[in-house]
Amino acid sequence: MTDAAIQRPLTLTITENGAVFLRLPYSRLGEVESVLKENQIRYWSSEHIMSYNGGPETTRVHFGYNKTPAAIQTLLDSIR
């Protein structure tokens, strides 16, 4: 999956303590949630929408302490 605003692939972030999340354009949230549900990936979406310096609105999808971030990333990469 590519962020159209910056023309770069979206990648998961893994925090120092092992939590996994994805920051993505808010406009793509519904599409990502559909794919995650179809593939029975457990997640929760942030209730906050952010915009930095007037840029596009972004939000986060959290995967908790997921043991398979590579599988989630592969799934996200399949979204065009």
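The values are calculated or read from the model by the stated rules, or taken from the named source; none is laboratory data. Bear in mind the structure is a predicted one, so any value in this text is a computation, not a measurement. Please note: Cβ atoms are built from the backbone with ideal geometry, for glycine as well, and neighbour counts cover all protein chains shown.
Between residues in segment 5-18 that are on the phi > 0 side of the Ramachandran plot and residues that are modelled with pLDDT of 90 or more, which pairs lie under 9 Å by C-beta distance while being six or more apart or on different chains?
Pairs that qualify, where the first residue is on the phi > 0 side of the Ramachandran plot and the partner is modelled with pLDDT of 90 or more, are Gly18/Tyr65.
Inspect segment 46-65 for any residue being among the small types (Gly, Ala, Ser) and at pLDDT 95 or above and give the result as yes or no.
Looking through segment 46-65, none of the residues is among the small types (Gly, Ala, Ser) and at pLDDT 95 or above.
Could you tell me which residue of segment 19-47 is surrounded by the most Cβ atoms within 10 Å (Cβ to Cβ), considering only residues that are of a type in the set (Asp, Glu) and without any contact (Cβ under 8 Å) to a residue 12 or more places away in the chain?
Glu38
Looking at segment 30-47, which of its residues are in contact with a Leu (Cβ under 8 Å, 6 or more places away or on another chain), part of a loop (DSSP other than H, G, I, E, B) and either within 14 Å of Leu12 (Cβ to Cβ) or basic (Lys, Arg) (or both)?
Ile41, Tyr43
List pairs: first residue in segment 48-77 and closer than 15 Å to Ile14 by Cβ, second residue of a type in the set (D, E, K, R) and surrounded by 14 or more Cβ atoms within 10 Å (Cβ to Cβ) anywhere in the structure, Cβ distance under 7 angstrom, at least six positions apart or on different chains.
Arg60/Arg23
Would a scan of segment 26-41 turn up a residue that is at pLDDT below 95, acidic (Asp, Glu) and closer than 20 Å to Ser78 by Cβ?
Yes, segment 26-41 has at least one match.
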